[in-house]
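Asks: Okay, handing you the structure first.
The values are calculated or read from the model by the stated rules, or taken from the named source; none is laboratory data. Computed from a prediction, not measured in an experiment: that's the story for all the values here. Neighbour counts are summed over all protein chains in view; Cβ atoms, including those assigned to glycine, are modelled from backbone coordinates with ideal geometry. Surface accessibility is based on the protein's heavy atoms, side chains included, excluding ligands, DNA and RNA. Shrake-Rupley method; radii C 1.70, N 1.55, O 1.52, S 1.80 Å.
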Amino acid sequence: MKNAGRWLVYGLLIFALAACSVPGPSGKNENQSGEKKKAVNKIDPLTGLTTGGAEHPVLMVMLNNHRNARPQTGLDRADIVVEILAEGEITRFAAFYHSQTGGKVGPVRSVRNYYLDLAEGADAVVAHAGGAKDALARIEQENIPGLDGIHEDARYFSRVSFRKPPHNLYTDLERLYEAVREQGYQSLPVKKAYQFSKTAETGQRESAGRIDLDYHPLYKAGYEYDSASKSYIRYTEGVRQVDRETKQPLSMQNVLVVFAKHQIVDSVGHRTVAVKASGRGYLFQQGKALSIEWRYRDGWIIPFAGGKEVPMLPGKTWVNVLPETGRVSFQ
């Protein structure tokens, strides 16, 4: 009877140990709580925040900023947004998505060659509505992963009735990630964008509760610091910019403003923009301004001060690429 009882105890122990373990991706038994902790503590490469999301590529979506396209949808979900002039006085947004994988996005517009320089940094899948001839040729020649909403990939996009063309092409992140899987882009690697720190870099910082940007005599943008949320709030042409769906203001923890050479190259007004270069600029964090030097590194525009890379605060980052004739003021 003693031996029988002993074997009964052993059996119960084995059963309990088996119940606490599950097969991991490698086929080996791994502790459930350990797996959960590992997922939660993963650092997102674009925001520096913890996330439990699955592995997937970065999306770079070209978003319209024409006055007839405002307010846009989905800019509030982007991890990084880069704003550069397209033709005339109108800018366009390259919105990078990784930490969030759902929700409507638009209006989607065409791509330019210098935006493709930015897509290199994250091996991003570029979602766009056509593009300039040189940009489309480059996508084909260099096999840049892309989703063209007005040509071969139109099924992942749709036209809305509340806006007129060309400001009415929309998609959503779930459909784009469906396209990523179907087009075989799922295994693209994700590269870290910046260094991150929970505290802003100390140094010669000036107060910057309000930032005013002049891209062009006919186009201005800006930001105001909100101490309650410890973030900047975006303004376009003097109007607080909100998401069309949520009505919430667009906010971010880092605002990077840089100056780069722009050159108009044809009668239509297409430009070249020297984003693969370096220059001067400012980094705004926590209501303060830091004078920086920027450098292009693997597709990202990186701030430096005193010869060292300046880390970003964990959260969202907006990058404003102004022409050398542009102006920035803050107070």
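Asks: Given Glu120, Glu174, which one is in contact (Cβ under 8 Å) with a residue 60 or more places away in the chain, within 19 Å of Trp318 (Cα to Cα) and open to solvent by 50 Å² or more (accessible area, probe 1.4 Å)?
Replies: Glu120
Asks: Let me ask you something else. Here are Glu83, Glu89: which of them is in contact with a strand residue (DSSP E or B) (Cβ under 7 Å, 6 or more places away or on another chain), open to solvent by 10 Å² or more (accessible area, probe 1.4 Å) and more than 16 Å from Asp243 (Cα to Cα)?
Replies: It is Glu89.
Asks: Within the range 309-331, take every residue that is over 21 Å from Leu85 (Cβ atoms) and outside any loop (DSSP other than H, G, I, E, B) and give me the one that is least open to solvent (accessible area, probe 1.4 Å).
Replies: Met312
Asks: Which ones in the range 180-221 are outside any loop (DSSP other than H, G, I, E, B), open to solvent by less than 50 Å² (accessible area, probe 1.4 Å) and of a type in the set (Gly, Ala, Ser)?
Replies: Listed by number, the list holds a single entry, Ala221.
Asks: Now for a separate question. Where the second residue is open to solvent by less than 30 Å² (accessible area, probe 1.4 Å) and outside any strand (DSSP E or B) and the first is closer than 20 Å to Ala274 by Cα and lies in the range 305-331, which pairs have Cβ atoms under 7 Å and are six or more apart or on separate chains?
Replies: Correct list of pairs: Val321/Val275.
Asks: Further question on the same structure: So which of Glu30, Glu83, Glu89 is under 30 Å from Val265 (Cβ atoms) and at pLDDT below 95?
Replies: Glu89
Asks: May I pose another question? Tally the residues that are open to solvent by 60 Å² or more (accessible area, probe 1.4 Å), within 11 Å of Asp76 (Cα to Cα) and out of contact with any Asp or Glu (no Cβ under 7 Å at 6 or more places or on another chain), restricting the search to the range 225-248.
Replies: Residues in the range 225-248 being open to solvent by 60 Å² or more (accessible area, probe 1.4 Å), within 11 Å of Asp76 (Cα to Cα) and out of contact with any Asp or Glu (no Cβ under 7 Å at 6 or more places or on another chain): 3 in total.
Asks: Is it the case that Phe259 is modelled with pLDDT of 95 or more, in contact with a strand residue (DSSP E or B) (Cβ under 9 Å, 6 or more places away or on another chain), surrounded by 19 or more Cβ atoms within 10 Å (Cβ to Cβ) and not in a loop (DSSP other than H, G, I, E, B)?
Replies: yes
Asks: What are the residues in the range 136-165 that are over 21 Å from Leu188 (Cα atoms), open to solvent by less than 90 Å² (accessible area, probe 1.4 Å) and not in a loop (DSSP other than H, G, I, E, B), if any?
Replies: Listed by number, the residues that qualify are Ala137, Ala154, Ser158.
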